[in-house]
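A.B. asks: This is the structure, below, for whatever I ask next.
The values are calculated or read from the model by the stated rules, or taken from the named source; none is laboratory data. Predicted model only: the values in this text are computed from it and were never measured. Cβ placement follows ideal geometry from the backbone for every residue including glycine, while neighbour counts extend to all protein chains displayed.
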C-alpha cells in the first residue's frame, strides 16, 4: 500500500506589492520575458536511468505584480515553482516525489524577507530552483554571482557562486543552439569535494535551459545530464 507523507515547511522571504505590511528584497536577477504557454521537453539521464521531463509556463497576476508559474513533470518527480516575474525571486515550491511504495509531498512557501542584496549577491530558499531562476542571470552585466542559503550560521556567508564563462554552441536533439555557459561551484575547503555544475542557456531570449551537467544530489550522487528535446509556445 502506497503511503503519502506530507512535509510542509515555511521560511522567511519575499513580500508583495499587494501586501504592503511585508517587505521585498530586490535581486540582481532580470526578467527573461518567458512567454505565456511556453512548453519545453527535456531528456534527463542519471546513471543508467533515462527520464522525460515536460515543463510549461503560465503567467498570472497576483495583485499588482505578475508571476511565473512553472510546472515540471516526470515519472519520478513533479514540481511547481512560482517566481516573481520582475525579479525571478522565489515565492513557493511544491514538490511531489514518486518512489516505489511511497509518494512524498512537500510545500515550501516564502513568507517574508528583509535582506538587502548587493548587485552580485542573492540568497535562495531552495536550491532545487536554480535551473529556473538562472534564466534571469544578468549575463551581459555580471561575470560572477554569489549565492547564499538561508540557515547558514554566518548571515553574510555566500558559499556558492555562479560564474558566466563564455558563449558556446551546443548541440541538442540534432540542432545547434548558441548558449551562455554558467558554472556553479562552491568556495572554500568544501569546494574541493563539490563537483562543478555546468548549465547552458540560450543566448536568444527567453534564455531557456539547453543543457545541464552536474550531480543529481549531494556529493557522491551519480552524475546527471539534462538535454533539450523540444521548445514550443502554445498560444
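A.B. asks: Name the single residue, out of those in region 62-73 being at pLDDT 95 or above and over 16 Å from residue 35 (Cβ atoms), that is farthest from the chain's Cα centre (by Cα).
C.D. replies: 73
A.B. asks: Quick one: in region 118-141, which of the residues that are over 17 Å from residue 83 (Cα atoms) and surrounded by 17 or more Cβ atoms within 10 Å (Cβ to Cβ) is modelled with the lowest pLDDT?
C.D. replies: Residue satisfying both the conditions and the ranking: 121.
A.B. asks: Name every residue in region 142-155 that is in contact with a strand residue (DSSP E or B) (Cβ under 8 Å, 6 or more places away or on another chain) and at pLDDT below 90, in order of residue number.
C.D. replies: Hits for region 142-155 are 148, 149, 150.
A.B. asks: While we're here: Can you name every one of the strands (runs of 3 or more DSSP E) wholly within region 74-145 that holds 2 or more residues which are within 11 Å of the chain's Cα centre (by Cα)?
C.D. replies: The qualifying strands (runs of 3 or more DSSP E) are 77-84, 90-99.
A.B. asks: Of the residues 112, 78, which is surrounded by fewer than 20 Cβ atoms within 10 Å (Cβ to Cβ) and touching a residue at least 24 places away in the same chain (Cβ under 8 Å)?
C.D. replies: 112
A.B. asks: Could you tell me whether region 92-109 includes any residue that is in contact with a strand residue (DSSP E or B) (Cβ under 8 Å, 6 or more places away or on another chain) and at positive phi?
C.D. replies: yes
A.B. asks: Restricting attention to region 19-27, does a residue exist that is within 26 Å of residue 225 (Cβ to Cβ), within 16 Å of the chain's Cα centre (by Cα) and either at pLDDT 95 or above or not in a strand (DSSP E or B) (or both)?
C.D. replies: No: region 19-27 contains no residue that is within 26 Å of residue 225 (Cβ to Cβ), within 16 Å of the chain's Cα centre (by Cα) and either at pLDDT 95 or above or not in a strand (DSSP E or B) (or both).
A.B. asks: Tell me whether region 50-60 contains one or more residues that are surrounded by 12 or more Cβ atoms within 10 Å (Cβ to Cβ) and modelled with pLDDT under 95.
C.D. replies: No, every residue in region 50-60 fails to be surrounded by 12 or more Cβ atoms within 10 Å (Cβ to Cβ) and modelled with pLDDT under 95.
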